[in-house]
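S.K.: Structure incoming, see below.
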Amino acid sequence: MTTTDLLAAYDEQLRTDAEMNRAIDVQREGPLHWGVFDHGGFVSYRDLGGLDGADLDALVERTVAHYRDDTDVDSFEWKSRGHDLPADLGERLVAHGLVAEPAETVMIGEASLLAVDVPLADTPEGPVVVRRIEPGPGAVDDLTRMLAAQESVFGTGRGPSLASSLAELEGGDSEFWVAEVGGRIVSGGRLTPVPGTDFAGVWGGSTLPEFRGRGIYRALVAARARSAVARGIRLIHSDCTDMSRPILERSGLRAVTTTTPYVWER
């Protein structure tokens, strides 16, 4: 598939309804989907339908008012994409009180290209064990340690909760994978199939700083990709930082656009 084909598949399959799959409540306002999740609000859209100028400002204002007055969320995210129009959308969001977070690159590729063997050398602290967290008595402890490790890396305070992660695990909505050294979780991430599409997302990939540069993150991506292929999933997508982009590119994913979260907080 060409980069153009991958971007078209992304726009057609992974926006609006796909981003609202786990919402507690969804309302429509023009081209927007206003979602409420357990971790806050989220705004999705396929495109803005040509809205610009005062009409777009009014839509942004209604969105802020909705989350401020009609919900009890502490924050909401408006997820913009680099190829969206109008080009000054970001400026208009900032003018209405939203704050831009760092841009990330949207990467897409065929799952089979990532499903490779990644040999891992032993570390001074012991061998690296990559495994999937399974439902059962140890799941709460595993997820607690995984989420704590991710929060220590990302530090946003807006990651998924233990309760929502456990519900995803037990409901089969996501797979949770970790890499351990000496019983310590040093890297972790999710594989989340998107129902009704060709895609699964790889999310939350993070490795503790002292364990980077050893291929652990790439091995964790490969493990999730092998699982995706076994599920019959064709395409993998991820929003990645500058740190993880080179690893995903070496694995065979391609950059198709960028995404910038704009966040409003009470």
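The values are calculated or read from the model by the stated rules, or taken from the named source; none is laboratory data. On a predicted model such as this, the values are computed, not experimentally measured, just so you know. Neighbour counts run over all protein chains shown; Cβ positions are idealised from the backbone, glycine included. Remember, those area values only see protein heavy atoms, side chains included, never the ligands or the DNA or RNA. Shrake-Rupley method; radii C 1.70, N 1.55, O 1.52, S 1.80 Å.
S.K.: What residue, of 197, 258, is modelled with pLDDT of 90 or more and in contact with a Leu (Cβ under 7 Å, 6 or more places away or on another chain)?
M.R.: When all the criteria are applied, what remains is 197.
S.K.: Looking at segment 176-222, which of its residues are more than 18 Å from residue 116 (Cβ to Cβ), touching a Lys or Arg at 6+ places or on another chain (Cβ under 6 Å) and not aromatic (Phe, Trp, Tyr)?
M.R.: 185, 198, 204
S.K.: Let me ask you something else. Would you mind finding the one in 25, 47 that is surrounded by fewer than 18 Cβ atoms within 10 Å (Cβ to Cβ) and within 18 Å of residue 259 (Cα to Cα)? Working first, answer last.
M.R.: Numbers: 25 fails: within 18 Å of residue 259 (Cα to Cα).
Matching residue, one of 25, 47: 47.
S.K.: Report every pair of residues separated by at least 6 positions or lying on different chains whose Cβ atoms are under 7 Å apart, first residue within segment 117-142 and on the phi > 0 side of the Ramachandran plot, second surrounded by 11 or more Cβ atoms within 10 Å (Cβ to Cβ) and outside any loop (DSSP other than H, G, I, E, B).
M.R.: 126/181
S.K.: With respect to the numbered conditions (1) under 17 Å from residue 151 (Cβ atoms); (2) touching a residue at least 60 places away in the same chain (Cβ under 8 Å), which one is the sole condition not fulfilled by residue 195?
M.R.: Every listed condition holds for residue 195 apart from (1).
S.K.: Could you list, in sequence order, all residues of segment 96-133 that are in contact with a helix residue (DSSP H, G or I) (Cβ under 8 Å, 6 or more places away or on another chain), at pLDDT 95 or above and open to solvent by 80 Å² or more (accessible area, probe 1.4 Å)?
M.R.: The one that is in contact with a helix residue (DSSP H, G or I) (Cβ under 8 Å, 6 or more places away or on another chain), at pLDDT 95 or above and open to solvent by 80 Å² or more (accessible area, probe 1.4 Å): 132.
S.K.: Taking segment 21-33 on its own, how many of its residues are farther than 21 Å from residue 10 by Cβ, touching a helix residue (DSSP H, G or I) at 6+ places or on another chain (Cβ under 7 Å) and not acidic (Asp, Glu)?
M.R.: Within segment 21-33, residues that are farther than 21 Å from residue 10 by Cβ, touching a helix residue (DSSP H, G or I) at 6+ places or on another chain (Cβ under 7 Å) and not acidic (Asp, Glu) number 1.
S.K.: If you go through segment 173-190 one residue at a time, do you hit one that is on the phi > 0 side of the Ramachandran plot and in contact (Cβ under 8 Å) with a residue 40 or more places away in the chain?
M.R.: Yes, the conditions are met somewhere in segment 173-190.
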